[in-house]
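What follows is calculated from the coordinates using simple rules that are stated; it is not laboratory data. Bear in mind the structure is a predicted one, so any value in this text is a computation, not a measurement. Positions of Cβ are generated from backbone atoms using ideal geometry, with glycine treated the same way; all protein chains shown enter the neighbour counts.
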Amino acid sequence: MADEKVPSEELMLTTELTGTLSRPAELDPSDQAGLEGITRDEIQLPRLTIAQGLSPQLVPGEGTFIQGLSIGQMFNDVTSEIYGNGPLTVVPVQRHVTRIEFDPENRRVPLDRNVPADDPRMFWNGDEPPRATEFVEFVCVLLRPGKAPERLVVSIKTTNKQMRAAAKLWTTFIMMRGTAIYSGMYHLTAKIEKGKNKDGQDTMYGVFIVKNAGFIPLGTPAGKAVFEFAKQFHESLEGKVINVTREAGSDDDVTFDTAAMDADKAAPVGAKLAM
């Protein structure tokens, strides 16, 4: 009741108050106080990220450090929740490709978020790597037993052959269904690979393994509810700009597909722009 007062002695905490990651059952789902006027354009969708060598979330003392996170595990870059190595079940509701040029002096600062695919900034210039980075992104609903569906983005940077293959395979699965993107389920697993970074140094980096998990079972109440949730999420994104953290110099910028880049450097400029 609004006129009830909390006893002052109950507010005198004897120990530190620790929050819960799950929504308390006691909360009224219809209580939307304080949310008035907030639009989806103002919200940053969480990103499903793989912890790897350069991830600040692995470094004690960093502001984004996540206690208990290990290399190769997936985590939520907004809530800091650790998901482990998977498999995780996701339903994609939107796919798009974005190409971003970052400041060469600070690879965390974007200069141009709309670089065309055939722009010279997408290709090697002599021994200089591309100034722009391509991301294939899947806006998804994460499904976990006993948990409410979560909205997040799987952002796949195509600077190495494994991640580029994962993005292509996932896109192929979606196309082969021949129906709405949100009709299918997929399993994501994280794996650590060894390779070379852009300076030729040995490094370890995370990649996504994507597997087809079938269609959402519309013949079951749970399947029908998930389908409707995913469809509504898809429709709510119509015409919206997806806000998600994308950094060329962040945790997942640790390797380049040197074979593909060598071929790119050897190709005539005209051939590059025709790709």
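Tabulated data
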item: Residues Y83, Y205, sorted so that the one with the fewest Cβ neighbours within 10 Å comes first; result: Y83, Y205
item: Full-extension gain in nm, M204 to A225, via 0.36 nm per residue minus C-alpha separation; result: 3.6 nm
item: FRET efficiency, S236 to D103 (Cβ-Cβ, R0 22 Å, nearest 0.05); result: 0.10
item: Scattering curve values for the stretch 139-210, log₁₀ I(q)/I(0), Debye with Cα scatterers, q = 0.16, 0.20, 0.28 Å⁻¹; result: -0.69, -0.94, -1.36
item: Contour minus Cα-Cα distance for A180 and F65 (0.36 nm per residue); result: 37.6 nm
item: Order of H187, H234, H96 under a 10 Å beta carbon neighbour criterion, fewest first; result: H96, H187, H234
item: Order of S236, S80, S55 under a 10 Å beta carbon neighbour criterion, fewest first; result: S236, S80, S55
item: Gained length - K147 relative to E81, 0.36 nm times residue gap less alpha-carbon distance; result: 22.5 nm
item: Cβ-derived FRET efficiency at R0 25 Å, L169 paired with A117, nearest 0.05; result: 0.80
